[in-house]
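The structure appears below as structure tokens.
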Amino acid sequence: MIRGFVSATKAAARERRRGAAGAAVGTGANNTAAGVLRSKWTPAAPTPAPSPTPDPPPPARPSPPSPGSRRADSRFPGMSATRTRRYDSRHTMRLPRVSPRAYRRVTLLALGALAFIVVTGGAVRVTGSGLGCPDWPTCDESRIVAPLEYHAMVEFVNRTITGLVSVAVMLAVLGSLARVPRRRDLVWLSWGLVVGVLAQIGLGGLTVLFELSPPFVMGHFLLSMVLLWNAVVLHERAGVPDDAPEADFGHAFAPQRFKNVPKSRGWALVVFGGLAIVAGTVVTASGPHGGDPDVERLPFALDEITRTHGVTVWALFGLTLDLVVRLWRTGERGPVWRRSLVLLALVIVQAAVGYTQYVLELPALLVGIHIAGATAVWIAVVRLHAVFVGISPPWSPPPKPQSKWTSPVSTTSPSPTAPGS
């Protein structure tokens, strides 16, 4: 019975297939007949021309993985694409561009910071706070921050200012690298500031560890003067136009020769200015303001070493006054004339403060003012010397360009032409 059922099912399936094939053949015949009838009464439609086959599109390049994609990178098996994302030049960090005028302001900031730390260091010395923090680099063996005591806080604030000075110096270095155009002389001079500050920090630590020994204190101050020299030269060189031949590394302006002025006058000012500063440090190391009441002092008579210091100051005053008179007679009114007047005024004020503090038996406030005056005098000496030896230009900087919205106004009117002339 089962065989019969299977045979009947197969026969029914064959009949269905035959019926479907016959229906398809009938439909095709009917369509052919209808086409013949239409062709007798209706013209045949024109056969369209074959259209050109378009070129296949180029294969699409694989798009880079998106930041949020987790597709693995074949270069680093087992790591997702978000962790191995490749950065092109658009994603690399670049220093912002710095204009020459902006960089000169940065060098002025560094110069001001280095001069300010000299004054604050003098304040530490005249207040007797040199050992307020007896350890270095910490304030003492058990704490970094100074306790709320007068001498400890004075010394700790001075160390904090040293950190701010380091930031200003690093800005000068980064600015020299980001300056457009970059100049090698400015890069080298800015790195000189970094070396000087590091040496100053190390020498300051040795000064504290050796309990304010006078040679270390004197060396600490004199190294500050060297740093100021470097900062002044950097600031002066930053003012040299980039299109001048002297802006190239290793080049300088021609040493200036002024009528009736000796060729060595610039170096003579530096020598006697340096001697005055060295003699002043010996006076301070022999006097009562050594940074702490119990530190040792130099075995010099204060009156005699003060006279020696006064002789060097008078020599500096005489050289500066002679220079001003010679320049006035020759009619020179350029930068060297103005800087000579500034130096002369500073030397006069400094001498007045020095004699006053000597008469009043060295009050702490006047000693601090005298230290600030010595810093200003040294900066003025270096700036004047820079013109003599060709570090800075002997001419004044060009005037600022006028705005494009303002037109220059002529101050002279054309004179009428006389008839017949």
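The values are calculated or read from the model by the stated rules, or taken from the named source; none is laboratory data. This is a predicted model, so every value here is computed, not measured. Neighbour counts are summed over all protein chains in view; Cβ atoms, including those assigned to glycine, are modelled from backbone coordinates with ideal geometry. Ligands, DNA and RNA are stripped out before the accessible areas are found, and what is left, the full protein with its side chains, is counted by its heavy atoms. Shrake-Rupley method; radii C 1.70, N 1.55, O 1.52, S 1.80 Å.
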>> Taking the criterion of being free of Cβ contacts under 8 Å to residues at least 40 places away in the same chain, assigned to a helix (DSSP H, G or I), surrounded by 13 or more Cβ atoms within 10 Å (Cβ to Cβ) and under 29 Å from the mean Cα position of the chain (by Cα), would at least one residue in the stretch 175-184 satisfy it?
In response: no
> If you scan the stretch 111-141, which residues turn out to be of a type in the set (S, T, N, Q) and either in a helix (DSSP H, G or I) or modelled with pLDDT under 85 (or both)?
Replying inline: Thr120, Thr138
> Looking at the stretch 323-335, which of the residues that are of a type outside the set (Gly, Ala, Ser) and without any contact (Cβ under 8 Å) to a residue 12 or more places away in the chain is most open to solvent (accessible area, probe 1.4 Å)?
Replying inline: Trp328
> Which of the residues spanning the stretch 356-369 are touching a residue at least 24 places away in the same chain (Cβ under 8 Å) and within 15 Å of Val313 (Cα to Cα)?
Replying inline: Tyr358
> With respect to Thr356, is the statement that it is of a type in the set (S, T, N, Q), touching a helix residue (DSSP H, G or I) at 6+ places or on another chain (Cβ under 8 Å) and surrounded by fewer than 18 Cβ atoms within 10 Å (Cβ to Cβ) true?
Replying inline: yes
> Which residue out of Thr284, Thr306 is more than 18 Å from Pro215 (Cβ to Cβ), open to solvent by 20 Å² or more (accessible area, probe 1.4 Å) and part of a helix (DSSP H, G or I)?
Replying inline: Thr306
> Do the conditions hold for Val194, that is, is it without any contact (Cβ under 8 Å) to a residue 60 or more places away in the chain, crowded, with 20+ Cβ neighbours inside 10 Å, over 26 Å from Leu362 (Cβ atoms) and among the β-branched types (Val, Ile, Thr)?
Replying inline: no
> Which of the residues spanning the stretch 115-130 are touching a residue at least 60 places away in the same chain (Cβ under 8 Å) and open to solvent by 50 Å² or more (accessible area, probe 1.4 Å)?
Replying inline: Val119
>> Return the pair list, or none, for Cβ contacts closer than 8 Å from residues in the stretch 293-322 that are under 28 Å from Arg338 (Cβ atoms) and in contact (Cβ under 8 Å) with a residue 40 or more places away in the chain to residues that are in a helix (DSSP H, G or I) and of a type in the set (D, E, K, R), at least 6 apart or on different chains.
In response: Leu319/Arg265
> Inside the stretch 159-174, can you point out the residues that are within 30 Å of Pro134 (Cα to Cα) and either aliphatic (A, V, I, L, M) or part of a loop (DSSP other than H, G, I, E, B) (or both)?
Replying inline: Ile161, Leu164, Val165, Val167, Ala168, Val169, Met170
> Tally time: how many residues in the stretch 145-167 are over 21 Å from Phe116 (Cα atoms) and touching a helix residue (DSSP H, G or I) at 6+ places or on another chain (Cβ under 9 Å)?
Replying inline: 3
